[in-house]
Amino acid sequence: MTAIEKLTSKDFASDQEVRWCPGCGDYSILKQVQTVLPDLGRPKEEFVFISGIGCSSRFPYYMDTFGMHSIHGRATAIATGLKATRPDLSVWVITGDGDSMSIGGNHFIHMLRRNPDLNVLLFNNQIYGLTKGQYSPTSEQGKVTKSTPMGSVDYPFNPIALCLGADATFVARTMDRDPKHQQAIIKRGYEHKGTSMIEIYQNCNVFNDGAFEIFTEKGSKKQETLFMENGKPLLFGEQNEKGIMLDGFKPVIVNISDVSSNDLWIHDETDLVKATILSRFYDDASIEGHFPRPFGVFYVNENKATFDDLFNAQIEEAKTNYGKGDLDKLLAGRETWVVN
Amino acid sequence: MNSIETTLESVVIRFAGDSGDGMQLTGSQFTNATALLGNDLATFPDFPAEIRAPQGTLAGVSGFQIHFGSTRIHTPGDRCDVLVVMNVAALKANLRNLKKGGVIIANTDGFDAKNMRLANVPEGENPLENGSLSEYDVKTIDVTKITRAALADSGLGTKEIDRCKNMFVLGLLYWMYHRPMDNTLAFIQAKFKKNEAVLNANIKVLQAGWSYGETTEMFANRYNIAPAKMEAGVYRGIMGNQAAAYGLIAASVKSGLPLFYGTYPITPASDVLHELSKYKNFDIKTFQAEDEIAGICSAIGAAFGGHLAVTGSSGPGIALKTEAIGLATMLELPLVVVNIQRAGPSTGLPTKTEQADLLQSFYGRNGECPVVIVAAQSPADCFIMAYEACRISLEHMIPVFFLSDGYIANGSEPWKFPNSSELPNITVEFAKERASSDDKFMPYFRDEKLSRPWAVPGTKGLEHRIGGLEKQNITGNISYDPDNHELMVKLRQEKVDLVANYIPNQTIDTGDDSGDILILGWGGTYGALKTATQQLITDGHKVSHAHLRYLNPFPKNLGELMGKFKKVVIPELNNGQLVKIIRDKYFIDAIAYNKIQGQPFMASEVVAYIKSQL
Ligand code: SF4
């Protein structure tokens, strides 16, 4: 085997001019992916990026890897077919909130239940950017947009809860404004065998500027976010002075000085019930006593076999049981007769 | 008793009963036995869309027609000589398919008060008793009673016993037409090997049917049908969907590419999936997706990855795949789209045949989106044309439609199957690895067929992006340049047109290459049109028949071929689709002849129509 040459982030940048609006959160995600890939120790030609439609879906054009910018909502289905037939590749799906949860909702949940070994980066900007600013399935109720001048009446999806409900095996959240966290989470997602679903809060500074401000800006970030780390207590606040405790199944915010450290909720990524509770930390930040928004890995399940493994194992099993197919035998079938 | 032996050239038998009566099984068993005897044959299963339609009703009637003979047989027969009916509903639904003077074999138990009510036959109007069938030769048998008596000691319940009724009918017909039972005995042994009581019961009733013919005086005649004079060789029986699946598998083997079939269940295409899924040891990878769109999209993913990629459906499903077919056209990747047509629009008549989707195949996408289209003309031809679809798709890097329909998909015929070495080669070459010192890879650089390189992920130095946005020719980069868009639209069309250089010329199937009328058909109407043409020629008319299997592009000589006839008549099982395209492309006054009843053409209808045009 020839040694894999050490790649740099530049090697992953294509010659195409990046055309997102200046200041768009997408730039940061592109940068972090280009930073992480060289460290994965894989030759460049093994990476494939597949996207649907939307601002985020331009992503593959900017990566000097194999890529496909497909049609709205279908990247997940295309990637499933590619991974099923080419399990040797590292296949990534780039999608947005509209692409994955509106028009592509069906493929999205079915991908998650099947668990092909894909890495899914879901750029959630809570708006339709490419079509110039209509509300999306993750926009908050009451969102005033061009298509909803009196505010939208739809309730939003909670993407993390949706993924857990579809039995996803890796569910995480990160944000465009935190490069280090983003890189760490993307790397973890890559390492997971199965579908890694990473929701990335991405600011659309043109149509939904500041949607995630309270989570990303210095003044509020510490109060409003909860960075989960496996095996560590769930802490937040200016000085990490606050923690979460579980009273039965009910989460409670506590001052850590008021409780024994043994009583704090220790994050366990493999606990689906607790992940489900954390996924519901999704309150409107204006509500008094709301929970902080969790970031990091909610849930990992390394024990569910992947779709591509199961799919290909059947092919191998059939070959073992029946031998490699013989076309002439197949065409002749079981009963023939001769005409002279 | 001694029966009178008669030799016949051909016979049409129709088995009809409740969908629970096992008529499809009876028909297919009779077909196998007949095929093994060397008769030529064609079959036509005609069943309701509901899996368990209300018992005893007209809606629940399931039929199976077989036409077999010592001559070449091209259709399942216009009308039957023998109609086997298990109940009054089956008689009512099928009497119009019986020739005047034909034989009716009726199970009297299916004509009781309850069955009469279910079939909406007024009380006292039992057709077996009211003289309405006086023009036919009616044989009545209480099949239920005889079956129950034969199995009185079997230990089986009445329900299980009654399920053996169809074996009685089969045994009787085997006796009447001198068919050997071995094949069916072996089938029963295999099917019920886990349930000895049921196994023995079926065999016993099958034999009871045979003995009934032999011992009662009701059936004085037995018939001999000599083997047909067919081209020498080794034959087997084949159904259309099975043949289509084999064609795809053969293309996979011959191209050396594993096959990926992404699909979603739909009538009448699901049997292609069922068949393919049995052959995983051939590297056949079938994927039942969450919907039609995922079916085709997963196939596009597989095509990108270097597989022979196929998606399959029927009209409504194809409608859902439309956008993705456009994507495949832009990506210029190989993809075969199988459409087993059924009567539309919308859900239409799911189990009934129609040449419903030719215009959909030609034009049913947004933008200028030409694809190659081929169509099979008979059950066995599904093999060849599915294979051809793959060959063209792979060698030209282009999406290809393979059209079949419910009629040939479920129909069967003897097949002189090829040896794999006789199949045309399919040459596929992936783009080769490149070093960083080589020139930059150009994903839309074209060869003489105008096809681009197939550069599969994992190949060093070929990293590139493709997508649904307009491409710059050669580089494949996104381009909004007006001139480039026009160029690309023209190139994609030309690429389809060039396929004409790689397909056979059109031939006249039956008749001279000039004359008064050319009957021009496509798809599953082949047998009926051929039979009609033979009849017309026998009657002294200057009529010929040509049947199109390559529809886009048309064979290069088609215009010239049509030009040698005074009139061109295009019979279709739709409201006139091919005729529109022919008129458009060749500026000729082609005449449309259409039937849109979910049923195939009868040769006699075609003969009558053509005579009206002479
Ligand atoms: S519209 Fe919004 S999401 Fe799209 S590129 Fe501009 S800033 Fe980014």
Among residues of the stretch B:278-303, those that are more than 22 Å from residue A:106 (Cα to Cα), open to solvent by 30 Å² or more (accessible area, probe 1.4 Å) and touching a residue at least 12 places away in the same chain (Cβ under 8 Å), counted: 2
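Each row is one residue, and each column tells you yes or no for (1) touching a residue at least 40 places away in the same chain (Cβ under 8 Å); (2) within 14 Å of chain A (Cβ to nearest Cβ); (3) among the acidic types (Asp, Glu); (4) surrounded by fewer than 19 Cβ atoms within 10 Å (Cβ to Cβ).
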{"position": "B:34", "(1), (2), (3), (4)": "yes, yes, no, no"}
{"position": "B:64", "(1), (2), (3), (4)": "yes, no, no, no"}
{"position": "B:68", "(1), (2), (3), (4)": "yes, yes, no, no"}
{"position": "B:78", "(1), (2), (3), (4)": "yes, no, yes, no"}
{"position": "B:105", "(1), (2), (3), (4)": "yes, no, no, no"}
Residues being aliphatic (A, V, I, L, M) and surrounded by fewer than 24 Cβ atoms within 10 Å (Cβ to Cβ) - total across the stretch A:97-121: 3
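Taking the condition exposed (fewer than 15 other Cβ atoms within 10 Å of the Cβ), at pLDDT below 95 and either within 24 Å of residue A:65 (Cβ to Cβ) or within 36 Å of the chain's Cα centre (by Cα) (or both), does residue B:436 pass?
Against the criterion (exposed (fewer than 15 other Cβ atoms within 10 Å of the Cβ), at pLDDT below 95 and either within 24 Å of residue A:65 (Cβ to Cβ) or within 36 Å of the chain's Cα centre (by Cα) (or both)), residue B:436 qualifies.
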For residue B:259: the one exception among (1) more than 8 Å from chain A (Cβ to nearest Cβ); (2) of a type in the set (A, V, I, L, M, F, W, C); (3) open to solvent by 10 Å² or more (accessible area, probe 1.4 Å): (3)
Pick from the stretch A:8-61, criterion in contact with a Leu (Cβ under 6 Å, 6 or more places away or on another chain) and within 16 Å of the ligand (Cβ to nearest atom), ranking: least open to solvent (accessible area, probe 1.4 Å): A:54
Matching strands (runs of 3 or more DSSP E) fully within the stretch A:227-311 where at least 1 residues are open to solvent by 50 Å² or more (accessible area, probe 1.4 Å): A:242-247, A:250-255
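Got a sec? Which of B:142, B:162 is at pLDDT below 95 and more than 14 Å from chain A (Cβ to nearest Cβ)?
B:162
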Residue in the stretch A:82-90 that is over 17 Å from residue B:260 (Cβ atoms), in contact with a strand residue (DSSP E or B) (Cβ under 9 Å, 6 or more places away or on another chain) and within 16 Å of the ligand (Cβ to nearest atom) present: no
Scan of the stretch A:284-316 for residues that are of a type in the set (S, T, N, Q) and within 14 Å of chain B (Cβ to nearest Cβ), ordered by number: A:312, A:314
Selection count where residues are part of a helix (DSSP H, G or I), modelled with pLDDT under 95 and either open to solvent by 50 Å² or more (accessible area, probe 1.4 Å) or hydroxyl-bearing (Ser, Thr, Tyr) (or both), scope the stretch B:213-250: 2
Members of the stretch A:204-220 that are among the aliphatic types (A, V, I, L, M) and within 15 Å of the ligand (Cβ to nearest atom): A:206, A:211
Hits in the stretch B:108-139 - residues which are touching a strand residue (DSSP E or B) at 6+ places or on another chain (Cβ under 7 Å) and without any contact (Cβ under 8 Å) to a residue 60 or more places away in the chain: B:108, B:128, B:133, B:135, B:136, B:137, B:138
Qualifying position, being out of contact with any Cys (no Cβ under 9 Å at 6 or more places or on another chain), in contact (Cβ under 8 Å) with a residue 24 or more places away in the chain and under 19 Å from residue A:178 (Cβ atoms), among A:264, A:246, A:234: A:234
Number of the exception - residue A:94 against (1) out of contact with any His (no Cβ under 7 Å at 6 or more places or on another chain); (2) within 8 Å of chain B (Cβ to nearest Cβ); (3) surrounded by 24 or more Cβ atoms within 10 Å (Cβ to Cβ): (2)
Subset tally (residues that are open to solvent by less than 50 Å² (accessible area, probe 1.4 Å), more than 12 Å from every other protein chain (Cβ to nearest Cβ) and not β-branched (Val, Ile, Thr)) for the stretch B:457-505: 8
Total residues in the stretch B:162-181, condition under 14 Å from residue B:107 (Cβ atoms) and out of contact with any Gly (no Cβ under 8 Å at 6 or more places or on another chain): 2
Selected residue [over 29 Å from residue B:231 (Cβ atoms) and open to solvent by less than 10 Å² (accessible area, probe 1.4 Å)] from B:346, B:393: B:393
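The values are calculated or read from the model by the stated rules, or taken from the named source; none is laboratory data. Here the structure is a predicted model, which is why all the values come from computation and not from measurement. Neighbour counts run over all protein chains shown; Cβ positions are idealised from the backbone, glycine included. Ligands, DNA and RNA are excluded from the accessible area calculation, which covers all protein heavy atoms including side chains. Shrake-Rupley method; radii C 1.70, N 1.55, O 1.52, S 1.80 Å.
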